[in-house]
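J.: Encoded as structure tokens, here's the structure I'll be asking about.
The values are calculated or read from the model by the stated rules, or taken from the named source; none is laboratory data. A quick note: this is a predicted structure, and the numbers were derived from the prediction, not measured. A quick note on method: Cβ atoms are made from the backbone with ideal geometry, for glycine too, and the neighbour counts reach across all protein chains shown.
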Amino acid sequence: MKLQINELQKEVKEHGSYEFPVRTSMENLCSFDQNAFPWHWHPEIELTCIVKGEMYYRINQQEYHVHEGDALFCNTNALHMGSMSNGEDCHYISITFHPRILYGYEGSEVEREFVKPLLNNSSMGAVVFRKNQGQTKEVCKGIRTIYELFQEKPVLYPLQVQIDLLEIWKSILREAQGSKGVVEPEAKGESRDIERLRKILDYIHSRYSEEITLEEIAEEAALCKSECCRFFKKQMGQTLFDYILSYRISMSLSLLKSGYSITEAGLQCGFQNPAYYSRVFKNVMKKSPRAYKSEIKQ
């Protein structure tokens, strides 16, 4: 499976309809290329409930190790990705929805007082609910109920989904507000770092098929070369060079599936040397591109 993502890493598939902007699905990591869903963002809120297994879920600059029974809120427009833990699959329910289903109409008191303060705080990328702690049981139950409602579609199910989402939102607000009873104001430094990371990723994703230099990336981020490398490693948990190689490999997978030769796929994704492409491919995918193409044909 491959996410529908544009050159700016925005997911472009529909999350429900304008009249009812909610989408639910049961996912598992092994169904994605590289056993992980790649970095992306969308204007909808995303709720995740881990049904079986565990995964590393990274949102903006924070990484969360979530396990069976945990739940997680991912804010609007936050960069996020998920990968396996210990090489084992993870099954989870995903619910994405536009925040207007919470507040009804633009300018409402609910939007102004209880939704916008959290959505507009880009440093509040996530809220994690750990198993057997606080309101986690209710949040997971709400997510599972919404998923089941979409499967069965009983009479009045859209109304019940909206009610359940509002109940979950109350729990998210309580966790985000903490003991002070308010959503903490956004730290300017954190906001700047997130925007800088977006610029670097956008630059790589739009030019991965070309030669990319550290000087160009550093200039895009308004950093010196050494600081750019340190910044990226801190934010992403891997080196800039390793990320570029991994991203190029991920983009080559669809070409191999479409019938491109190994040499052609490598060239299209920035690898001028077929042998080097094959070596990097095997390091990332744990199999050769030839073996990958053989599996596709089966």
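J.: Looking at this structure, is residue 272 over 26 Å from residue 293 (Cα atoms) and not in a helix (DSSP H, G or I)?
T.: Considered against the rule, which asks whether it is over 26 Å from residue 293 (Cα atoms) and not in a helix (DSSP H, G or I), residue 272 comes out as no.
J.: Taking the condition without any contact (Cβ under 8 Å) to a residue 24 or more places away in the chain and either farther than 30 Å from residue 78 by Cα or in contact with a strand residue (DSSP E or B) (Cβ under 7 Å, 6 or more places away or on another chain) (or both), does residue 297 pass?
T.: Yes, satisfied.
J.: Identify the residue in segment 189-215 that is under 18 Å from residue 242 (Cβ atoms) and charged (D, E, K, R) and, among all such residues, is surrounded by the fewest Cβ atoms within 10 Å (Cβ to Cβ).
T.: Among them, the one singled out is 211.
J.: Considering only residues of segment 245-293 that are over 28 Å from the mean Cα position of the chain (by Cα) and in contact (Cβ under 8 Å) with a residue 24 or more places away in the chain, which is nearest to residue 211 (Cα to Cα)?
T.: 262
J.: Further question on the same structure: Between a first residue in segment 212-225 that is of a type in the set (Lys, Arg) and a second residue that is assigned to a helix (DSSP H, G or I) and surrounded by fewer than 17 Cβ atoms within 10 Å (Cβ to Cβ), which pairs have beta carbons less than 9 Å apart while being 6 or more apart in sequence or on different chains?
T.: Pairs found: 225/214; 225/215.
Rundown of residues vs (1) over 16 Å from residue 34 (Cα atoms); (2) acidic (Asp, Glu), yes/no style:
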| site | (1), (2) |
| --- | --- |
| 232 | yes, no |
| 242 | no, yes |
| 248 | no, no |
| 258 | yes, no |
| 264 | yes, yes |
| 273 | yes, no |
| 276 | yes, no |
| 281 | no, no |
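J.: In segment 120-146, what count of residues is obtained for those that are under 16 Å from the mean Cα position of the chain (by Cα) and more than 20 Å from residue 55 (Cα to Cα)?
T.: Here the count works out to 3.
J.: What are the pairs, 6+ residues apart or on separate chains, where a residue within segment 73-100 that is in the same structural domain as residue 35 (by TED's automatic domain parsing) and touching a residue at least 40 places away in the same chain (Cβ under 8 Å) has its Cβ under 6 Å from a residue that is surrounded by 17 or more Cβ atoms within 10 Å (Cβ to Cβ) and basic (Lys, Arg)?
T.: What qualifies is 81/58; 96/23.
J.: Could you tell me whether residue 156 is more than 23 Å from residue 63 (Cβ to Cβ), hydrophobic (A, V, I, L, M, F, W, C), loosely packed, with under 15 Cβ neighbours inside 10 Å and out of contact with any Ser or Thr (no Cβ under 8 Å at 6 or more places or on another chain)?
T.: yes
J.: Answer yes or no as to whether residue 258 is of a type outside the set (A, V, I, L, M) and crowded, with 17+ Cβ neighbours inside 10 Å. Lay out the reasoning, then the answer.
T.: Details: of a type outside the set (A, V, I, L, M): yes; crowded, with 17+ Cβ neighbours inside 10 Å: no.
No, not satisfied.
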